[in-house]
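Presented below is the structure to which this report refers.
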Amino acid sequence: MRTGRGNIRSMTIAITAMLLSACATTPSSVSRLDAGGRTVVALSDTILLAHAVPALAAGARDYAYIGPVEINRMGNRRHYFWLGLASTIDRTRGGLEPAVPVALVLLVDGTPMRFPLGEWPADLDPPPYPTTIPVYATLAAPASLDQIRRIARASNVEAEIQDDSGAEARYLTFNGDWTDWSAFPDGG
Amino acid sequence: MRPRRRSPGGVTVFIVVLFACGGAHARAIDDVRLSRVAEEATIEIELGCAMRYDSHSPLDGNSELYIRMTLGNDCHLALRTGRSDLRHPAGGRMASLAEIAFDADQRDQAVITLRFERPVRGEVRQTTNLYLLTVVLGPGAPATPQPAAPLPEPARATVAAATPASPRREPMRLVRTLPYGDEDRFAIRLSAFEDSTDLDREALVPFSSQVFYVVDVPLGDHTMKELRMGFFPTEEEAGRALARLGASFPSAWIAVADAGEQAEAAEQRIDAAGKAKEAARDVAIAAAHETPADAGLSEERIATMMSEAKNALVRRDYARSIDLYSRLLQEPAGAHRREAREFLGVAFEKNGQPANARDAYEVWLDEFPDGPDANRVRQRLAALTTTAPAGERKAPQTTLAAASEDAPDWEIYGSASQYYLRGVSLAHDSDDDDVVGQSALLSRALLFARRSGERFDVASRANLGYLHDFVEDGSGDQALVSYAYIDVADAKTDISARLGRQRPHAGGVLGRFDGVSGSYRWRPDLTVHVSAGFPVDSPRFRATSDQWFYGAGIDLDNVFDAWDFGVFTNIQTVDGVADRHAVGAEVQYHSQRVNVAGLVDYDASYEILNAGFITGNWRINDRLTVHGRYRGGAAPFLTTRNAIIGQPVNTLRELFPDYTEGQLRSLARNRTAEERAGSAGLSTALTPRLQLKADVSWLEYNATPASGGVAAFPETGPQVSWGGHLLGSGFFRAGHLFLVGYRHDETESVDTDTVFVDVRQPVGERLRIQTRLDVSQRVANQNPAGDIDQWIANPMLRISCDWAHRYRVEFEVGAQWSNRKFPAALTPPLVEDNAIEQTDYYLQLGYILDF
């Protein structure tokens, strides 16, 4: 027979897990007004994608944070995918350079959507998403809200980042599911 | 100590002014309509009162445009005391327009500031309709390149395994800078190219005038091809097209098409031999029409088909006409394409397919941007775009999800506002009380509702107000109805009608009326107008059946390319007698540098020129614009109803027992003076941020005779005014504006010199502070005892706060101080030292909510 203390502990763990799960999968919408008078709307959390590079080290990975962003300039709303690139690979030792990413390809339920990448504008710093690993490049791709909505509703999304050499690296979600984007304005 | 007295006359005048301001309820900018044709955007600004366009600056390549206007007489009564307005127009994205601000000084000058999100090149036009201002924007100047994003320094200390050192990241700068999307448009990704054999070609028939093209999607070691259809200026428009595709393309989505993709698509469309062209066009268009893209049509066959297509259009067999024109346009080259593309749009329009018509016109303008017929096509497209894209008016917060799935049934927008108005004349003697001239709450509501359908567009507008008067024995509460009408437009027959309270500004209609007006576009360049109703003198009044009119007119557009003509007639009756029998004409010439508009309105029953008016602007070069105008005619406008002027009656029929109809008409003529007025001036850009405007004007009225117990009115003699001001803009930051000026007014009895300074300073993005000070010296020289000197100062402070582009709080306080000194020789003295000092102030506090 379980003791009361055991029940309480189990319930506490379950509730904590549920809360953490809820926090982890349902980010809220965050908006801020930048110095240029633009309203930048993003979610409170990104999706973290990882691309393993086992040839360099067992745990070596390149990471890509990705999240939808809306920039509202005087009512003119434009949508983007923000992309933060990070890495736990010290390429300096091998004399390697990170490739220059030129496009993001999202496989949305198996159908590819390709997004040419550009630099995240300097005057829109700070980046719209927090990252636990420091990013070494912040990029963005113009997207339609329709695409954001379709991605949000997809049951499976995978990502590829194409670089300027024509090579592409497939990224998978690092911690499981594709984050719920339903809180993104008009997008979920 | 000098005794000070309050001037009863001054109080009266001040109360009258305040009453007028409170009773009126127009906004300086009544409405803003935007439309876009390819790279040309048109902004139509409907003004709350008559204003004459003088000049604008800078002329090119700036993100702010200042338009200098001269206020008409009705503005002084129509605009509320603030005489300032700020709009964030819905649909502004079509022209990258962020906001429109209106600021008027205490006199008759105003500046309309258009603030854009990117540099623009534009033209400003105005016809004889002084209630409408049109700004036409061409392709914008190249946007200032955004600085390349500095790569963030890695915070290696926080990471166990270091990220790459910064020198290794230099190649990252090769990544293109992210555009802000000004050049981006939207396309629909129809399907992967492998699926093209399964295309539902019927579903693409309505889109045959769109651009179809193929984009490569490199994926690993192979390249996939996507068939796309473009281009749409907004995602909402693309969403509507996607919704129309329905289940035929379940995997279609909306994608962003950047400038490079648009250019590639254009090349594909032009390059008939290209593989992509064949793939896209063959699949999407030729097959959709079930007409094989054969080896080409002979010139003879093309001529025959053109003739057949036009005949089909005339006999209203639009489907046949569309088929023929579409087939003809599959021919990659030939002189026929110009006409075929345009009339394909006309056929779509007549067939109740405005979206396809818009597409056809846009493609036409892409293909033939120049030429004498370009204006005509732009006008066709503007007419469609102005009424059709309901989504452009959607509030920013409206869900795009809904917009992309279903076209909205109705779009509703407007504003609500309340202002407390107070005007007080201060007592300068302790024995007297302050006189409250006005204490009132003015509530207003503006409501617009539109619905765009495949065939019928419906729009309605209501501009309502209610003035609650807190002053005992004041004017009392007033209900105000400026506009309340409903519009119905039939795209198939080109007939439109408007029913309700309205105020057209052309076609010989004098002003606001309750009734009906309609138009029929008989030919592409010829429109017939009719109207009938009951005139309404003021928004406060209800129409009565005692006075009514009917009229008709014809407009001819782009005759001899740059000329527009119109003729009209208008018959008006009051209390059963002829009130007005007008025939008139309007003409306008517009070119890149010259804009001239003229109007004549002749009363055939009185055989008098009621109004003759010509105005023109000539942009001599990019720094100098000159303008001039002349007006002659009756003042006030001659109608038989003028007979009641000066009589102790409110209606004409009250004079019937005492006067015959002929006598009433004589009385009307006697009460009507002849006006002659002219002005000329120049505007020049001294520096990119400093403009100078100078003008001289002249006005005189002739005498009117005594009759019917009403005294004669002597001629005024010439009233001359000249002056100028410096306008500085953006000196310290965007939105900063100042005016410093001087003006001299001279009549036969009074000379006035005025200096004024007006500063508008935004503080942050939300707060705007405006301060103004006018100081005048008046000398009245008709008193035999000597001159009467008067100093007048008018300070004003106005603060407004906006947020979310929807809400605004305004506070304005102003005062008038004057000191009038009579000649010492005046006997008996009016007051102890023959000096009267007077101080009045007003304030208003209110809010506006846009929805």
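A short reminder: the numbers here are calculations on the coordinates, not readings from a lab. Remember, predicted model here, so these are calculated numbers, not experimental data. When we count neighbours, we look across all protein chains shown, and the Cβ atoms used for this are built from the backbone with ideal geometry, even at glycine.
Distance between the modelled labels on B:Glu46 and B:Glu367, one decimal in nanometres: 3.5 nm (7 Å Cα→Cβ projection).
Need the full-extension length gain, B:Gln418 to B:Val530, defined as separation in residues times 0.36 nm minus the C-alpha distance. One decimal, nm.
On the way: separation 112, 0.36 × 112 = 40.32 nm, distance 3.68 nm.
The B:Gln418-B:Val530 span can extend by a further 36.6 nm.
Give the distance, in whole Å, between the Cα centre of the stretch B:765-832 and the Cα centre of the stretch B:654-715. Rounded to whole Å, the Cα centres lie 26 Å apart. A Förster distance of 22 Å, applied to the separation of the beta-carbon atoms of B:Ala562 and B:Asn621, puts the FRET efficiency at 0.65. Take the Cβ atoms of B:Phe851 and B:His736, set R0 to 41 Å, and the FRET efficiency comes out at 0.85. With a simple spin-label model that places each label point 7 Å from the Cα along the Cα-to-Cβ direction, the separation between B:Val813 and B:Ala479 comes to 3.6 nm. Between B:Tyr659 and B:Leu686, the modelled label-to-label distance comes to 5.3 nm, taking each label 7 Å out from Cα in the direction of the beta carbon.
The fewest-to-most ranking of A:Leu117, B:Leu624 by surrounding Cβ atoms within 10 Å reads B:Leu624, A:Leu117.
Nearest 0.05, what FRET efficiency do B:Ala333 and B:His222 give at R0 = 25 Å with Cβ-Cβ as r?
Numbers: r = 35 Å, r/R0 = 1.39.
E(calc), rounded to 0.05, equals 0.10.
Are there any chymotrypsin sites (Phe, Trp or Tyr not before Pro) in the stretch B:523-610 that are in a DSSP loop and have at most 15 other Cβ atoms within 10 Å? List them by number.
Values: sites: B:Phe541, B:Trp548, B:Phe549, B:Tyr550, B:Phe560, B:Trp563, B:Phe565, B:Phe568, B:Tyr589, B:Tyr602, B:Tyr606; in loops: B:Phe541, B:Phe560, B:Tyr606.
Sites meeting the loop and neighbour criteria: B:Phe541, B:Phe560.
Rounded to whole numbers, the Karplus 3J(HN,Hα) couplings from phi for the stretch B:566-575 are x, 10, 8, 9, 8, 10, 10, 10, 10, 6 Hz, using 6.51 cos²θ - 1.76 cosθ + 1.60 with θ = phi - 60°, and x at Gly and Pro.
Rg/Rh for the stretch B:433-561 to two decimals, with Rh computed the Kirkwood way over all alpha-carbon pairs. List each step's numbers first, then the result.
On the way: Rg = 19.1 Å, Rh = 17.0 Å.
Value, to two decimals: 1.12.
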